[in-house]
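See structure below.
The values are calculated or read from the model by the stated rules, or taken from the named source; none is laboratory data. As the structure is a prediction and not an experimental result, all values here were calculated from the model. Positions of Cβ are backbone-derived with ideal geometry, glycine not excepted, and every protein chain shown enters the neighbour counts. Surface areas here come from the heavy atoms of the whole protein model, side chains and all, with no ligands, DNA or RNA. Shrake-Rupley method; radii C 1.70, N 1.55, O 1.52, S 1.80 Å.
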Amino acid sequence: MIQIKEVVKTYPARDGSSVVTALDGVTLTINRGDIFGIVGYSGAGKSTLLRLINGLEMPTKGEVIVDGKEISRLKERELRQARQKIGMIFQHFHLLWSRTVRENVAFPLEVAGLPKEQIRKRVDQLLERVGLAERADAYPSQLSGGQKQRVGIARALANEPDILLCDEATSALDPETTASILQLLKEIHREMGITLVLITHEMSVVRQICNKMAVMENGRVVETGMVSSIFSQP
Ligand code: ADP
Ligand code: ADP
């Protein structure tokens, strides 16, 4: 489903004369249906890896293959199609603050050009699924952190993606809310057969939800495997 092969990603450093190596030869395979956790401290390269998976950036070296297609070889239009199959949720939600819950979830469907009536039905289903049907006409500022993330999840699922990328999706939430959001993600994973990729600095998140994991340090994967076997090691 997602293959990262010997990927190097460098950025020009602020002083302009050197480079920052964000990823330093990363090889990783994420299979269809995995709940894959990528864990590491700040600066390890996790966000860079996510941006490569959704084609927001291209590798300096190596290959990123999603659903059999090498991302850097896609034309602009193909890249847009590939991105529609990938949903994303964020630590700070990235909601449209001047629009209602319903309008936030409808947004990607409007971009995709669906007819109005179909959008209305789909948004109702999504809000029902994430437990926010009653708050459809509220504004994000009127919601709790957990409710905001539920809007983020509904919006990310709108175009029926194959992959959901979660960027520190529970890091702004308290432990109880975190548990309820992870529970929702688990249910969605089971019902929709979606592949989940989570990046987090919290090992507890990986333990709660993931079946496989990779540990990153300084732009490298230093450990990878089944969560059950990694945590059962002495
Ligand atoms: P993480 O998500 O694990 O915190 P990042 O992928 O954000 O790690 O960052 C990895 C390294 O790459 C860090 O040293 C960071 O400063 C650097 N980096 C990330 N994005 C950029 C960028 N756009 N320009 C310059 N350096 C960057
Ligand atoms: P958190 O629980 O992560 O603090 P918030 O919703 O308070 O979540 O804020 C998330 C981000 O969105 C912050 O960067 C904040 O500045 C921004 N934000 C929050 N409310 C609004 C708003 N009404 N209009 C614009 N930006 C907002």
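When the accessible area of the chain is computed with all protein chains present and a 1.4 Å probe, what percentage of it is carbon and sulfur? The computed percentage sits at 48.
With the simple model of a label 7 Å out from the Cα in the direction of the Cβ, GLU117 to LEU56 spans 3.7 nm. For PHE231 and ASP174, a Förster radius of 25 Å and the Cβ-Cβ distance give a FRET efficiency of 0.60, rounded to the nearest 0.05.
The mean sequence distance of close C-alpha pairs (under 8 Å, at least 6 residues apart), as a share of the length of region 1-151, puts its relative contact order at 20 percent.
Please calculate how many Å² of accessible area region 134-234 carries per residue, with a 1.4 Å probe and no DNA, RNA or ligand atoms counted. Working shown, then result.
On the way: 4600 Å² over 101 residues.
Spelled out: the 1.4 Å probe surface of region 134-234, per residue, equals 46 Å².
For the chain, the mean residue ellipticity at 222 nm estimated from helices alone is -11000 deg cm²/dmol, where every DSSP H run of n ≥ 4 contributes -39500 (n - 2.57) and the total is divided by all residues, rounded to the nearest 500. When +1 charges are put on Lys and Arg Cβ atoms and -1 charges on Asp and Glu Cβ atoms, the dipole computed for the chain relative to its Cα centre reaches about 480 debye. Roughly how many Å is it from the Cα centre of region 133-186 to that of region 34-110, as a whole number? If we compute the Cα centre of each part, the gap is 16 Å.
Count charges around ILE35 for me, please; just the other residues with Cβ under 11 Å from its Cβ, Lys/Arg as +1, Asp/Glu as -1. Neighbour charge sum, excluding ILE35 itself: +2. Taking a straight line from the alpha carbon of LYS75, these lysines sit under 30 Å away, with near neighbours fewer than eight places off in the same chain left out: LYS5, LYS9, LYS46, LYS61, LYS85, LYS116.
Counting only DSSP beta bridges whose two residues both lie in the chain, roughly 55 percent are antiparallel.
May I ask you to derive the FRET efficiency for TYR41 and HIS92 from their Cβ-Cβ distance with R0 = 25 Å, giving the value to the nearest 0.05? For R0 = 25 Å, the calculated efficiency reads 0.80.
Once you sort the root eigenvalues of the Cα gyration tensor of region 55-206 as a ≥ b ≥ c, which label holds: rounded (a/c under 1.5), prolate (a/b larger than b/c) or oblate (the other case)?
Oblate shape, in that a/c is at least 1.5 and b/c is the bigger or equal ratio.
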